[in-house]
Structures are given as C-alpha cells and as structure tokens.
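A short worksheet on the structure shown next.
Only the coordinates and a few stated rules stand behind these numbers; no lab work does. Note that the coordinates shown come from a computational prediction; the quantities given were computed from them, not determined experimentally. Here the Cβ positions follow ideal geometry from the backbone for every residue, glycine too, while neighbour counts run over all protein chains shown.
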Amino acid sequence: MTKDQVGYVIWGALAIVVLIPELLAAFGRERIPWPGVARTATNLSARIPWLAMVFLAGFVILGVHIIFYPWPSPE
C-alpha cells in the first residue's frame, strides 16, 4: 500500500466517523441525544465565549491543514 493510499484510508475513515454522527445530529434531533458541532459551538459561545473561539479556531486550523496538505511541511 502506498503512502497516498494509506492517507485516503485514514482520512476516509475519519470522515465517516465524523460525518455519520453529524448527519444524525442534524436530521434526527428528536431521537439523537447528542448535539452536532454547530449546536455545540453555539451553546459554548453563549456560555464561555473565549473557549468557543478556541474550539472554532481548532477547526479552522484543521481544515486549512487538510485542504492545503502537505503545506506547510516541505516535501
């Protein structure tokens, strides 16, 4: 298995692990006991604004690293 294939398997599995609970939280609000990321960020912003900013900044940094991979590491 090449390095690219391993990456696709790992990121694909991570996407499935995140996407399924997120979709269930978004479309099954009446039956699902956990909030989605958007509702978590909204609730956190109402209670502890500085922590919500850290939470959302982490998602932005993660997104930038995923989108612009392999930047900033020189390969």
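Which is farthest toward the positive dipole end of the chain among T2, A25, I61, measuring Cα position about the Cα centre, with Cβ charges +1 (Lys, Arg) and -1 (Asp, Glu)? The Cα lying farthest towards the positive end belongs to A25. Extents of region 35-75, taken as max minus min of Cα coordinates on every principal axis and listed largest first, are 42, 19, 8 Å.
Per DSSP H run of n ≥ 4, the term is -39500 (n - 2.57); total these for the chain, divide by its residue number, and report the mean residue ellipticity at 222 nm rounded to 500 deg cm²/dmol. Write down the numbers at each step before the final one.
On the way: 3 runs with 55 residues, N = 75.
Roughly -25000 deg cm²/dmol at 222 nm, from the helical runs in the chain.
Phi angles of region 39-50 translate, via the Karplus equation with coefficients 6.51, -1.76, 1.60 and θ = phi - 60°, into HN-Hα couplings of 5, 4, 5, 5, 4, 5, 5, 6, 9, 9, x, 5 Hz per residue; Gly and Pro are given as x.
A simple count of charges around T40, restricted to other residues whose Cβ falls under 13 Å of its Cβ and scoring Lys, Arg +1 and Asp, Glu -1, yields +1.
For region 2-57, the spread of Cα coordinates along the three principal axes comes to 46, 30, 11 Å, biggest extent given first.
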